[in-house]
Amino acid sequence: MSKIPGDLRYTKDHEWIRLEGGTGVMGITDYAQHAMGDVVYVELPDVGRKVAAGDDFVVVESVKGANDVFSPVSGTVTEVNEELDGAPELVNQDPYANWLVKLKVDDPSEADGLLDAAAYGKLVEELEAEGS
Amino acid sequence: MKRTPMYERHVAAGGRMVDYGGWELPVQYESSGIKTEHLNVRSKAGLFDVSHMGEVTVEGARAEEWLSSLLSNDIAAMHDNQVQYNIMCNESGGVVDDLLVYRYSRTKYLLVVNAANTDKDVAWFRAHLPSDGVSMEDISPRTAEVALQGPEAEAILKKIADFDPASLKFFYFRDGATVGGIPAIVSRTGYTGEDGFEIYVDWKRGAELWDAVMKAGEGHGLLPIGLGARDSLRFEAGLPLYGHEYTDDMGPLEAGYGFFVKLDKPGGFIGRDALKRQKDDGLKHRIVATRLEDKGVPRQGMPVADEAGRVLGHVTSGGYSPTLDANIASCYVATPAPSEGESLWIDIRGKLKRAVVIKRPYYARGK
């Protein structure tokens, strides 16, 4: 059973985001880290990079392969989690505490269009029932 | 999709089932994961379901001569009950498949080929079969196979085999054995760089064999191992894989497996003239082993370049090495290839990452 905190917004591609004023903190979900398996490297974007919602801007490398991660909203990268550089396995240990990227969000209302915990939970339930 | 006789066992053990060339097989098991499985084979033992592999028997008065004409290694030098690694080349010196040859006698052999190539190989054999003196049969549909690998493999097998596995030498096999009471062929072979055994039984008794070995493995740290760790283990051990280090165009000399190619054996073999020419003219490409110095994970197909970004070749196998805790890549590059200690650059999504050439294999087990 995947953990799905109630206070976050989610994408269909298994990213989460939390808005703190005009800043969005994002990462991958528990379902995503479990599906990817042992994370061995996280390729983070350059600070200052502008991204549109849906742009792939992070690559999470697991033993199994490379996994693209997409930005949940449009904005500008302000900070990346450099702790992951030496300890990528933190993403497996707690994918919610160990965020990937902070963004200055162009339009905070964009996040309203994302899934809430209940809707995302339903999606994950369906995927888990399929056994994938 | 095709299923092996152990399918239910994999599902019950939490196997994450994937489509592997039309076979539904576990890439990993939920309770462990690729890294844990990989390290467990190196430190203790692992059990692999490799029932998807192809098996072909070859018999007849001309069996030895015929196999020698198709395969790269010295078939005539084999002993009874010996196993030999071979490459089957096409006319231009590329690879049809690589395989293990088991010799019962000069007139009877068992060939073990890659699952994804079984149909192609069988067609190749049929196309080259002489009108008399040799017969062949694809026995894959009735042959299940497991690989028991790792330092504990011998102790585990000893508990359920009707012979002492210590008596079986590396790259030899025993026919007419039983394992867990099941009639079996057992060879001291594998694809992990560890000591270990491969066990062949009747398809219908595959699940029974699986259960017997798993039970014998209790107290020895035995884990079931999926396809993910099978690939990372073989890659670390420097073992080639068709579709990576070998292709229709990329042959065994460039890949660095010339040891298994006997260019001067009597009668020659298909592809011999092309390979001899490659050797005489000087190899145009080579595969070198590298370790990434910059951060990033190299993957198959990524371009390999020099410092100026001029493309020299591509990555044939790449990824994270659990044993070395480093990212490694085998690189197919134009000659002159860089030597040990020199650098290459791998283009990972548009960024050149520095890698240094190291000795192959990446991992060799201690004696």
Fill in: region B:252-341: trypsin sites (Lys or Arg not before Pro) in DSSP loop, at most 11 other beta carbons within 10 Å
B:LYS284, B:ARG310
Discussion item. List the trypsin sites (Lys or Arg not before Pro) within region B:140-193 that DSSP assigns to loop and that have no more than 13 neighbouring Cβ atoms inside 10 Å.
Written reply: B:LYS169
Response to the item:
Interface A-B: total buried accessible area (1.4 Å probe, Å², nearest 100) of 1400 Å²
Worksheet item: Tally Lys/Arg at +1 and Asp/Glu at -1 over every other residue whose Cβ is under 9 Å from the Cβ of B:ALA166; what's the total?
Response: -1
Fill in: Complex-versus-alone comparison for region B:293-312, residues with a loss of 10 Å² or more in accessible area, probe 1.4 Å
B:LYS295, B:GLY296, B:VAL297, B:ARG299
Practice prompt. Mind checking the per residue accessible area of chain B for me, 1.4 Å probe, whole number of Å²?
Written response: 40 Å²
Worksheet, complete the sentence: From DSSP H assignment alone, runs of 4+ in chain A each adding -39500 (n - 2.57), the sum over residues rounded to the nearest 500 puts [θ] at 222 nm at -5500 deg cm²/dmol
Worksheet, complete the sentence: From highest to lowest solvent-accessible area (probe 1.4 Å; ligands, DNA and RNA excluded), A:THR23, B:THR316 read A:THR23, B:THR316
Worksheet item: Which value at 222 nm does chain B reach when only helices count, each DSSP H run of 4 or more adding -39,500 (n - 2.57), with the total divided by all residues and rounded to the nearest 500 deg cm²/dmol?
Response: -6000 deg cm²/dmol
Worksheet item: Which of B:ASP80, B:ASP231, B:ASP264 moves most in a GNM of chain B, Cα contacts under 10 Å?
Response: B:ASP264
Worksheet item: What FRET efficiency comes out for the pair B:VAL311/B:GLU218, r = Cβ-Cβ distance, R0 = 60 Å, nearest 0.05?
Response: 0.70
Worksheet item: With contacts defined as alpha carbon pairs under 8 Å and 6 or more residues apart, what's the relative contact order of chain B in percent?
Response: 18 percent
Discussion item. With a 10 Å cut-off between alpha carbons and a GNM built on chain A, which of A:GLU15, A:GLU83, A:GLU61 moves the most?
Written reply: A:GLU83
Response to the item:
Placing each pseudo-label 7 Å from Cα in the direction of the beta carbon, B:ALA123 and A:ASP112 end up separated by a distance in nanometres of 5.9 nm
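How much length is gained if the chain between B:SER92 and B:ARG142 is pulled fully straight, taking 0.36 nm per residue apart and subtracting their Cα-Cα distance, in nm to one decimal? Walk me through the numbers before you get to the answer.
Values: separation 50, 0.36 × 50 = 18.00 nm, distance 3.38 nm.
Gain in length upon complete extension: 14.6 nm.
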Worksheet item: In region A:37-79, which residues give up 40 Å² or more of accessible area once the other protein chains are added, compared with their chain alone (1.4 Å probe)?
Response: A:ASP38, A:VAL40, A:TYR41, A:GLU43, A:GLU61, A:VAL63, A:LYS64
Worksheet entry | Whole-percent carbon and sulfur share, accessible surface of the protein assembly as shown, 1.4 Å | 49 percent
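The values are calculated or read from the model by the stated rules, or taken from the named source; none is laboratory data. If you're wondering where the values come from, they're calculated on a predicted model, not measured in any experiment. Glycine gets a Cβ as well: all are built from the backbone with ideal geometry, and neighbour counts include every protein chain shown. To get the accessible areas, we keep the full protein, side chains included, count just its heavy atoms, and leave off ligands, DNA and RNA. Shrake-Rupley method; radii C 1.70, N 1.55, O 1.52, S 1.80 Å.
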